[in-house]
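Participant: Submitted below is the structure of interest, expressed as structure tokens.
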Amino acid sequence: MNPKKRNMNLSIEISLYPLNQEYGTPILQFIENLKGHKDLEVRSNTMSTQVFGEYGMVMDVIKKEMQNAFLTEEAVVMVMKFVNKDLR
């Protein structure tokens, strides 16, 4: 079955857990890196960060920033929930 081509929006909830004593700095850096991508809306609170935008753009940014976090920190747990809808 061939899905119809359409512009799909995506909402992601991300929780980042660096496995070190200085966990605050990598979390804040990850959020700032996400906010540097002007085509996305990034909202954060004490529990998680939400990212909203067009599917392709969001996935490209998440792939890049997730790799950056993994290369920067020795050990990181990242939990994500994806919804194929704009939940703003």
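Throughout, read-outs are computed from the coordinates displayed, never taken from laboratory work. From a predicted model like this one, the values you see are computed outputs, not experimental measurements. Neighbour counts run over all protein chains shown; Cβ positions are idealised from the backbone, glycine included.
Participant: Mind listing the Cα extents of segment 44-88 along all three principal axes, in Å, largest one first?
Facilitator: 33, 25, 13
Participant: Separate question: Can you tell me the relative contact order of the chain? Whole percent, Cα pairs under 8 Å, sequence separation 6 or more. Walk me through the intermediate numbers first.
Facilitator: Numbers: 125 pairs, mean separation 40.9, N = 88.
So the answer I get is 47 percent.
Participant: Once every Cα of the chain carries one equal point scatterer and solvent is ignored, give the base-10 log of I(q)/I(0) from the Debye formula at q = 0.13 Å⁻¹, two decimals.
Facilitator: Reported log10 I(q)/I(0), two decimals: -0.43.
Participant: Relative to the first principal axis of the alpha-carbon coordinates of the chain, what is the inclination of helix 24-35, with its axis defined by its Cα atoms, in degrees from 0 to 90 and to the nearest 10?
Facilitator: Result, in degrees: 30.
Participant: While we're looking at this one, here's another question. Could you give the nm distance between label points at Arg88 and Asp60, where each point is 7 Å from its Cα heading toward the beta carbon?
Facilitator: Here the answer is 1.9 nm between the modelled labels.
Participant: Can you tell me the 0 to 90 degree angle between the C-alpha axis of helix 55-72 and the longest principal axis of the chain, rounded to 10?
Facilitator: The answer is roughly 20 degrees.
Participant: What is the local net charge at Asn20, summed over the other residues whose Cβ is closer than 13 Å to its Cβ (Lys, Arg +1; Asp, Glu -1)? Display every interim value, and only then the final one.
Facilitator: Working: positive: none; negative: Glu22, Glu73, Glu74.
So the environment of Asn20 carries a net charge of -3.
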